Amino acid sequence: MDTPETFIDFVRQQSGKLLEQTLTHTGLTFISVLIAVCIGVPAGILISRRKKLAGPVLGITGVLQTIPSIALLGFMIPLLGIGPKPAIVALFLYALLPVVRNTYTGILGVDPNITEAATGMGMNTRQLLLKVQLPLAMPVILAGIRTATVINVGVATLAAYIAAGGLGEFIFGGIALNNTNMMLAGAIPAALLAILFDWALSRLQRVNMRKARKIALVLPVILVLLSSFYLLPETYSSRLKAGFTPEFMGRKDGAVGLRNVYGLQLRTLVISDMIMYKAAYEKKLDVISGSSTDGRVKAFDLIVLKDDKHIFPPYYAAPVVRQAVLDKYPELAPALDQLSGTINDSIMTELNYRVDYLQQNPQQVARDFLVSAGLWQPARNGSKGNIRIGAKIFGDGYILANMYKMLIEGHTDLSATTKTGLGGTKIVFDALVNDQIDMYPEYTGTGLLVILQAPQTTVDSIIGDNRKVYDYVKKGFAEKYQVQWLQPIGFNNTYALMMRREQATRLHISSISDLATYVHHH
Amino acid sequence: MIKVSHVSKSFSHGKNAVNDLSFEVQPGETLVLLGTSGCGKTTTLRMINRLLIPDTGDIFIGDKNINTETPETLRRSMGYVLQNTGLFPHYTVLENIAVVPQLLGWDKTRIHSRALAILEKLRLPPATYGDVYPQQLSGGQQQRVGLARALAADPPILLMDEPFGALDPLTRISVRKEFKLLDELNSKTIILVTHDVEEAFELGNRICIMNEGRIQQLGSATELLFNPANDFVRHFLDKQRLELELKSLRLRDIWPYLDSAGGSTGTALPPDTSCWDTLEHLTGNKAGSILDGQNKHLDGNILITAINAYKKTVSQYGHA
């Protein structure tokens, strides 16, 4: 990976993208705040007059506030699809509570002597509202808008998960790629935006009473202006719409490779892998960057496009075990190696499908498979020692860890415990090196690129050949960490471009080259 | 001018109720509603400008039932002064004063010249006070602005709810004095609510003493003092009785009881001078008074004897 040297370099290189993301971010924030003001202020006025409604309305907006942002975005997908619409609606719902509540308390907070005087002098309810209540409640209402804005600058980063853009693209890309510069390039502007808007609105809040009336006129104009930033992007488009994860967007063996090696120019949205498959299934997206053995490939009837120019490195899974444990229990390696060659891509996809989509218990799925492969044996006494098996949070790991546990207990006198859900590569590998676990299933590509961080020239020379990659990591791990790679299991859980089967068939696309040709001509 | 007829109003919390209330206020008269808190005096006032709606009974302005107009129109034709002024903190003094004229749709130049004129009359020079905000003024000044705002559209009727209640005693006395001298108020029909007996006697042409939502007695100061309708009225005034009596009685009232012997050598006091002021003058001064060509000598003893004689007669015959 050619990570730029410094943060400044990164910002300079990506300045166009950064500007676009910042504008999108600002637009997203303010368009939702604007809608929240348009709906929240009248709602606040209404409940200040009909007090019986106040409880339910504040209750409902309060509950909306407590829904985790990512879950709220998730709820929006089936209703509104992906992209700006669900993001704006979700942000709007978050902004609603502070606006409604502050309008309500602001109006109720107006000195009753003053409202009585106004009424007693002959103002009707409208005049009372416009001339007295709203101007006097304005500082409190502005405080609510300020809170809503700051909340939304933060939550808007999550919009990147559902293809709505914004600074979250850099932030989540940076996290996924462990690229600090990229992460900061998203996080710092987001923080600055929050501070800037907070400061600007606090200035508005403090201006004296005379100007308070002018603010009421100026503020909507400013909001509309800032909101319009959102309309700036969306300039070019191809007929096929692609959705890539933030990680894929930044990787050389991802979107960059597609562009450089295949010359593929797609209209691309950034999206979370959690909703990407579904979005493809629902025809919101046409091409996605999936994981080849993901259960959802089967669930949503997607097909993997052939990587005919080999840009995606091989990610063959194999158990990695600490050498010390292998030396202590020589029977361990043969027991584990029984799994080698039994699971290919489509079997793994099928197993993942049963766990992820059919919600079957990973233990049951693992057992069923071992039984059908003739490898299952009832547990022996397990008195000789204990093997701790780790796994990452992703699908494959759970099933494989369970299979290893059964193999160990059925074929040796050892017992085994599983520690699944150990976050990402970094966490699980650290656990292994620090003697927290004894083994876990790892992918050759990850070992090469993430753990060993092989030099670019080496990567380029061996990446096309699965065997060479395996040999390289086996050697590297043994020398550097005293960790042994056992036999590969057989499946390759690599990046893949996927399309709906129906669409790919109709357009006669079966490889990435076919796709590039198709896009080029349409 | 204002007629309240058999008006009742009750609240769910039980306080401030009003029970079968009837009275009339003559044009140009100042009627004071006097009573302790919770007696229903403010409730009565708020029903007159329809901030509250009576349960039963009717209220008339002139010959018109107040229900025949919209509340807004009705209220714009009455000045309303509140204890805590209710000035708009986001409006300058001039803008505050302009509120009712604006609601009435006056043109800008007329509003402006009227606001300037009324500020002058209340001794708040517009150049100094016109563009400041109410918070920048003293309590007494705020109260005067509140009065100016109520008078801005020159309404025939003025409703005042404890208008001096929030002021310290010294300021209260001086603002009250100014209030009495303001010619702008001479032609107004005023209903003023207070719990301050002294204030009631100083400002009211007639006083309506209320208790538990009912009128105990409605009459002039001397009627209340020397001919109380019941024990409540008598006891209500007892604490300040001497002072009130001296202030209410004028030389003219006790004239027949003054010893007619001998002409005066000192200052001739006008016959409308109150006994209180006369006594004040007599400390260290000689004085007399002239009424209908008759010149009578005054000193402390003569005055007190005459007052006692007056009171005796009134309590016997019901009038002097």
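Just a few scattered comments:
- Enumeration of residues in the range B:19-38 that are modelled with pLDDT under 90, on the phi < 0 side of the Ramachandran plot and open to solvent by less than 50 Å² (accessible area, probe 1.4 Å): none
- Total residues in the range B:43-60 satisfying the condition of being under 22 Å from the mean Cα position of the chain (by Cα), surrounded by 20 or more Cβ atoms within 10 Å (Cβ to Cβ) and away from chain A (no Cβ under 11 Å): the figure is 4.
- Only residues that are aromatic (Phe, Trp, Tyr) and without any contact (Cβ under 8 Å) to a residue 12 or more places away in the chain were counted in the range B:274-320, giving 1.
- Total residues in the range B:4-18 satisfying the condition of being open to solvent by 10 Å² or more (accessible area, probe 1.4 Å) and not in a loop (DSSP other than H, G, I, E, B): the figure is 4.
- Within the range B:62-76, the set of residues being under 26 Å from the mean Cα position of the chain (by Cα) and either under 18 Å from B:Leu151 (Cα atoms) or within 14 Å of chain A (Cβ to nearest Cβ) (or both) comprises B:Ile66, B:Pro71, B:Glu72, B:Thr73, B:Leu74, B:Arg75, B:Arg76.
- When the range A:240-285 is limited to residues that are of a type in the set (Gly, Ala, Ser) and within 13 Å of the chain's Cα centre (by Cα), the one that is modelled with the highest pLDDT turns out to be A:Gly243.
- Hey, B:Leu82 among the aliphatic types (A, V, I, L, M), within 14 Å of another protein chain (Cβ to nearest Cβ) and either open to solvent by 40 Å² or more (accessible area, probe 1.4 Å) or touching an Asp or Glu at 6+ places or on another chain (Cβ under 8 Å) (or both) or not: yes
- Yes/no for B:Asp161 being surrounded by fewer than 18 Cβ atoms within 10 Å (Cβ to Cβ) and either of a type outside the set (Ser, Thr, Tyr) or modelled with pLDDT under 90 (or both): no
- Elements of type helices (runs of 4 or more DSSP H) contained in the range B:224-290, each with 2 or more residues being open to solvent by 60 Å² or more (accessible area, probe 1.4 Å): B:231-238, B:241-248, B:275-282
- Every residue from the range B:285-304 that is under 15 Å from B:Leu242 (Cβ atoms) and not hydrophobic (A, V, I, L, M, F, W, C): B:Gly300
- Identification of helices (runs of 4 or more DSSP H) wholly contained in the range A:112-195 with 3 or more residues that are within 14 Å of chain B (Cβ to nearest Cβ) and open to solvent by 20 Å² or more (accessible area, probe 1.4 Å) yields A:112-120, A:134-155.
- Taken over the range B:131-150, residues that are more than 21 Å from the chain's Cα centre (by Cα) and either within 14 Å of chain A (Cβ to nearest Cβ) or modelled with pLDDT of 95 or more (or both) amount to 6.
- Scanning the range B:291-320 for residues that are in a loop (DSSP other than H, G, I, E, B) and not small (Gly, Ala, Ser) yields a total of 3.
- Test: residue in the range A:288-299 that is buried (at least 22 other Cβ atoms within 10 Å of the Cβ), of a type in the set (Val, Ile, Thr) and modelled with pLDDT under 90: yes
- Residue ID - nearest to B:Gln141 (Cα to Cα), chosen from residues in the range B:119-130 that are more than 26 Å from the chain's Cα centre (by Cα) and open to solvent by less than 60 Å² (accessible area, probe 1.4 Å): B:Tyr129
- Check on B:Leu116, open to solvent by 20 Å² or more (accessible area, probe 1.4 Å), at negative phi and not β-branched (Val, Ile, Thr): yes
- Count of residues meeting criterion [open to solvent by less than 10 Å² (accessible area, probe 1.4 Å) and among the aromatic types (Phe, Trp, Tyr)] in the range A:395-439: 1
- Candidates in the range B:88-99 are the residues that are under 15 Å from B:Leu137 (Cα atoms) and open to solvent by less than 10 Å² (accessible area, probe 1.4 Å); of these, the one that is nearest to the other protein chains (Cβ to nearest Cβ) is B:His90.
- Across the range B:165-186, the number of residues qualifying as farther than 17 Å from B:Val32 by Cβ and part of a helix (DSSP H, G or I) comes to 8.
- Candidate set from the range A:65-111 (those that are closer than 30 Å to B:Pro71 by Cβ and open to solvent by 30 Å² or more (accessible area, probe 1.4 Å)); member that is nearest to the other protein chains (Cβ to nearest Cβ): A:Asp111
- Here B:Gln102 meets the list (1) closer than 20 Å to B:Met78 by Cα; (2) in contact with a Pro (Cβ under 8 Å, 6 or more places away or on another chain); (3) within 14 Å of chain A (Cβ to nearest Cβ); (4) not aliphatic (A, V, I, L, M) almost entirely, failing just condition (2).
The values are calculated or read from the model by the stated rules, or taken from the named source; none is laboratory data. Owing to the predicted nature of the structure, the values given are computational and were not obtained by experimental measurement. Glycine also receives a Cβ, built like all others from the backbone with ideal geometry; neighbour counts cover every protein chain displayed. These area figures cover heavy atoms from the full protein model, side chains too; ligands, DNA and RNA do not enter into them. Shrake-Rupley method; radii C 1.70, N 1.55, O 1.52, S 1.80 Å.
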